[in-house]
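Here is the structure we will look at.
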Amino acid sequence: MHLPFSVLKSAALFVALLPGLTWLPAVAESGSSLTILGTVEDASIVQEDITLEARLDTGATSSSLNALEQETFERDEEEWIRFEIVDPEDEDARLTLERPIERSARIRQHSGELDERHVVRLELCLGDRKIEADTTLVDRTELTYQLLVGRSHMAGHILVDSGNEHLLPPDCPTDEDSTDAVE
């Protein structure tokens, strides 16, 4: 039996790609699963129960939060930072947050310039995932989203569907329901 070349070529391509697809069943079999979210989702800052519209960016290593009026201070012999974010319910109002400073980071901007930023730990609820990771503080008022979620918050937990937005609202168990926050 002679098959047309185009059929043979398609069959050869399928067989060549088949080994690359074998990881899909392995994810399901291992008991590990990823939550599928879009490029824009609502994310809750767990500690304050504040929900912000966020850009999920697989090209960004770390997450960053819009932080205005940053002021450092000392509490219990640790360096802390107090900052404001735009109230998602009223864009003319501000909400004040405080966090211990984990470290400072030098971030290379798209322009090539280095920017020094304070880094804090931020626990976010994205879909059904409660994830804590380092987050840089920066003035993002000129950008569309107050929160950019980078790979540090998503790796091993979230798969981004680049063609969708707002797939799942934040719906994480409260501390009373579960104490197993993912790091």
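Structure summary
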read-out: Net charge of neighbours whose Cβ lies under 10 Å from the Cβ of Cys125, counting Lys and Arg as +1 and Asp and Glu as -1; value: -3
read-out: Point-to-point label distance, Asp171-Glu74, nm (Cα→Cβ direction, 7 Å offset); value: 4.8
read-out: Karplus-derived 3J(HN,Hα), 6.51/-1.76/1.60, for each residue of region 47-54, Hz, glycine and proline x; value: 4, 9, 6, 10, 9, 10, 6, 10
read-out: Charge tally in the Cβ shell below 13 Å around Glu69, where Lys, Arg are +1 and Asp, Glu are -1, Glu69 excluded; value: -2
read-out: Neighbourhood charge, 12 Å Cβ-Cβ cut-off, centred on Asp139 and excluding it, Lys, Arg +1 and Asp, Glu -1; value: -2
read-out: Computed FRET value (nearest 0.05) for Thr51 with Asp139, which takes r as the C-beta separation and R₀ as 25 Å; value: 0.75
read-out: Gained length - Asp115 relative to Leu34, 0.36 nm times residue gap less alpha-carbon distance; value: 25.9 nm
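Just so you know, all these numbers are worked out from the coordinates, no wet-lab data involved. It should be emphasised that the depicted structure is a prediction, and the values quoted were computed from it without experimental measurement. Glycine also receives a Cβ, built like all others from the backbone with ideal geometry; neighbour counts cover every protein chain displayed.
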